[in-house]
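First up is the structure itself, then whatever we jot down about it.
The values are calculated or read from the model by the stated rules, or taken from the named source; none is laboratory data. The model shown is predicted, which means the values in this text are computed figures rather than measured ones. Positions of Cβ are backbone-derived with ideal geometry, glycine not excepted, and every protein chain shown enters the neighbour counts. The area values use the complete protein model at the heavy-atom level, side chains included, leaving out ligands, DNA and RNA. Shrake-Rupley method; radii C 1.70, N 1.55, O 1.52, S 1.80 Å.
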Amino acid sequence: PDKDKRQMSVTALTNELSRSAQLGIENVIIHPGAHMGSGEKAGTENIAAAIRSILDALPDNPCRLLLETTAGQGTNLGHTFEQLAEIYARMGWDDRIGFCLDTCHVFAAGYDLRKKEPYEQTIRAFDKVIGLERLFVVHLNDAKKALGSRIDRHEHIGAGTIGTEAFRLIMNDARLRTIPKILETPKK
């Protein structure tokens, strides 16, 4: 809701998309933003309007902007699939928008991945609300905090509260086979 901060964010993302296009980068991933006390409805409206203004300013930019799932810490939006779909809908279902699913974030937001049935429920919910055809990247991170904690703390796979079974399910899921998967924990 802070107009100066919003304009700085719009300018920064516009520049990032322009640079990425020059470098031939296919996707740029962002966390959608926070409502900062203005409420979920006003927050999703502000985020969608800001992104819409950026896309309108760059009509020929080939980069796809991916909205990443968030843990929902503080007033951050994007921790439910419905919030992400609402932002997407407010932008007019633009094909230049896609999504990135972060395993730590969705787990912290309350979507269970640890066993086959809850994993399937989570993937089906994503597909129903957003659509797997709009999923372009998966961030593979275990979580330091508990299911539904809404705390974004990545952990090495197998060393956190999600456990290895979720990652086995993801890596063997034919629906996700062609989607790039990126580790975001320190690699030694």
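Conditions (1) basic (Lys, Arg); (2) more than 18 Å from Asp94 (Cβ to Cβ); (3) touching a strand residue (DSSP E or B) at 6+ places or on another chain (Cβ under 6 Å), marked per residue:
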{"site": "Ser9", "(1), (2), (3)": "no, yes, no"}
{"site": "Asn27", "(1), (2), (3)": "no, no, yes"}
{"site": "Ala42", "(1), (2), (3)": "no, yes, no"}
{"site": "Glu45", "(1), (2), (3)": "no, no, no"}
{"site": "Ile51", "(1), (2), (3)": "no, no, no"}
{"site": "Leu58", "(1), (2), (3)": "no, no, no"}
{"site": "Cys63", "(1), (2), (3)": "no, no, yes"}
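Counting only residues that are charged (D, E, K, R) and in a loop (DSSP other than H, G, I, E, B), which one in the range 52-111 is nearest to Asn15 (Cα to Cα)? First the steps, then the outcome.
Let us first name the residues in the range 52-111 that are charged (D, E, K, R), namely 52, 56, 60, 64, 68, 82, 86, 90, 94-96, 102.
Pick out the ones that are also in a loop (DSSP other than H, G, I, E, B) and you get 60, 94-96.
Values: Asp60: 14, Asp94: 20, Asp95: 20, Arg96: 16 Å.
Residue satisfying both the conditions and the ranking: Asp60.
What's the total number of residues in the range 15-51 that are hydrophobic (A, V, I, L, M, F, W, C), part of a helix (DSSP H, G or I) and under 18 Å from Asn76 (Cβ atoms)?
6
Just a yes or no: is a residue in the range 168-175 at negative phi, open to solvent by 70 Å² or more (accessible area, probe 1.4 Å), in contact with a helix residue (DSSP H, G or I) (Cβ under 9 Å, 6 or more places away or on another chain) and part of a loop (DSSP other than H, G, I, E, B)?
No: zero hits.
Scanning for something part of a helix (DSSP H, G or I), in contact with a Gly (Cβ under 6 Å, 6 or more places away or on another chain) and closer than 30 Å to Asp95 by Cβ, does the range 132-147 turn up at least one residue?
Looking for residues that are part of a helix (DSSP H, G or I), in contact with a Gly (Cβ under 6 Å, 6 or more places away or on another chain) and closer than 30 Å to Asp95 by Cβ, one finds at least one in the range 132-147, hence yes.
Here are some conditions: (1) open to solvent by 10 Å² or more (accessible area, probe 1.4 Å); (2) within 25 Å of Arg6 (Cβ to Cβ); (3) touching a His at 6+ places or on another chain (Cβ under 9 Å). Glu82 meets all but one. Which one does it not meet?
Failed condition: (3).
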